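Written out below as structure tokens is the structure these notes cover.
Just so it is clear, none of the values below were taken in a lab; they were calculated from the coordinates. Every value quoted in this text rests on a predicted model; they were computed, and no experiment measured them. Virtual Cβ from ideal backbone geometry, glycine too; neighbours counted across all protein chains shown.
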Amino acid sequence: KAGVTQTPRYLIKTRGQQVTLSCSPISGHRSVSWYQQTPGQGLQFLFEYFSETQRNKGNFPGRFSGRQFSNSRSEMNVSTLELGDSALYLCASSLEADEQYFGPGTRLTVT
Amino acid sequence: QKEVEQNSGPLSVPEGAIASLNCTYSDRGSQSFFWYRQYSGKSPELIMFIYSNGDKEDGRFTAQLNKASQYVSLLIRDSQPSDSATYLCAVEDSGGSNYKLTFGKGTLLTVNP
């Protein structure tokens, strides 16, 4: 069974721009969670989607948003990028948001 | 703010020894607990999950859970250099914030040949 895929793997953006990241979950998984990982803060929860509905959201500003499509693929968007948004963005898929399997991540650098 | 605490390490053990990784959590209602392994430059990999008090064994790995003490641990027997990685403890939030995992900041394990 294919694992979680994320595109793009690497991204360089400048301050003020916006970015969209994509995640395709494991086949049959309907829950997709997004996390931000930085050396100082570790893994922090952004939001979780199940069957196109956001069920939970972390403590991030409204510049961070996401959505899920009917095929369970998910996207997250960050608008008005700041230097502090530089991080590894990880998505994880699961059947019910319990045992979560991570994709390889998207490394975002904001300059 | 729900918290998951881990000793940041580094924890250094010789090859063949038992490595013991510990984690405490603040959410008394949590029911699901996970251990992830993350190699440098890679994404986290799920290696163990435990839902009931007691021990759960899978190969060289044993997860131990004590809900009364709000404590979960991971033992790695016969440690190998390939086990050198950061180990992340994750706890599923209870109540209205479920469908969310809170992660500790991880313990760096080094297994010396």
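On the basis of the beta-carbon distance and an R0 of 30 Å, residue B:31 and residue A:82 show a calculated FRET efficiency of 0.25. Rounded to the nearest 20, the Cβ-based charge dipole of the protein assembly as shown about its Cα centre (Lys and Arg +1, Asp and Glu -1) stands at 620 debye. Using DSSP to define loop residues, name the chymotrypsin sites (Phe, Trp or Tyr not before Pro) in the range A:1-95 whose beta-carbon has at most 13 other beta-carbon atoms within 10 Å. Sites meeting the loop and neighbour criteria: A:69.
Select from the range B:1-42 those trypsin sites (Lys or Arg not before Pro) which occupy a DSSP coil region and have at most 11 other Cβ atoms within 10 Å, ordered by residue number. Display every interim value, and only then the final one.
Values: sites: B:2, B:28, B:37, B:42; in loops: B:2, B:28, B:42.
Those satisfying the criteria are B:28.
Checked against a 27 Å cut-off, the cross-linked pairs A:13/B:2; B:42/B:100; B:42/B:105; B:56/B:100 give Cα-Cα distances beyond that limit for A:13/B:2. When exposed loop sites are taken as trypsin sites (Lys or Arg not before Pro) in a DSSP loop with at most 12 other Cβ atoms within 10 Å, the longest stretch of chain A clear of them is A:16-111.
For the range A:74-87, 3J(HN,Hα) computed residue by residue from phi via the Karplus equation (6.51, -1.76, 1.60; θ = phi - 60°) reads 10, 10, 10, 10, 10, 9, 6, 4, 10, 4, x, 7, 4, 5 Hz, glycine and proline entered as x.
Applying the Karplus relation 6.51 cos²θ - 1.76 cosθ + 1.60 with θ = phi - 60° to the range B:83-88 yields 3J(HN,Hα) values of 7, 5, 5, 9, 10, 10 Hz, where x marks Gly and Pro. Derived scalar couplings between HN and Hα for the range B:16-25 equal x, 7, 8, 9, 10, 10, 10, 8, 10, 9 Hz in order, rounded to whole Hz, by the Karplus curve 6.51 cos²θ - 1.76 cosθ + 1.60 (θ = phi - 60°), x for Gly and Pro. So what is Rg over Rh here for the range A:59-111, counting just Cα atoms and using Kirkwood for Rh? That ratio equals 1.00. Among A:83, B:32, A:104, pick out the residue whose Cα is farthest towards the positive end of the charge dipole of the protein assembly as shown, where Lys and Arg carry +1 and Asp and Glu carry -1 on C-beta, about the Cα centre. Ranked along the dipole, the leading option is A:83.
Dipole magnitude for the range B:41-113: computed about the Cα centre from +1 point charges on Lys and Arg Cβ and -1 point charges on Asp and Glu Cβ, it is near 160 debye.
Quick one: longest stretch of chain B between exposed loop chymotrypsin sites (Phe, Trp or Tyr not before Pro), exposed meaning at most 15 other C-beta atoms within 10 Å and loop per DSSP? That would be B:52-113.
Run the dipole for the range A:1-82 about the Cα centre, Lys and Arg Cβ at +1, Asp and Glu Cβ at -1, nothing else charged, and hand back the magnitude in debye, nearest 20.
80
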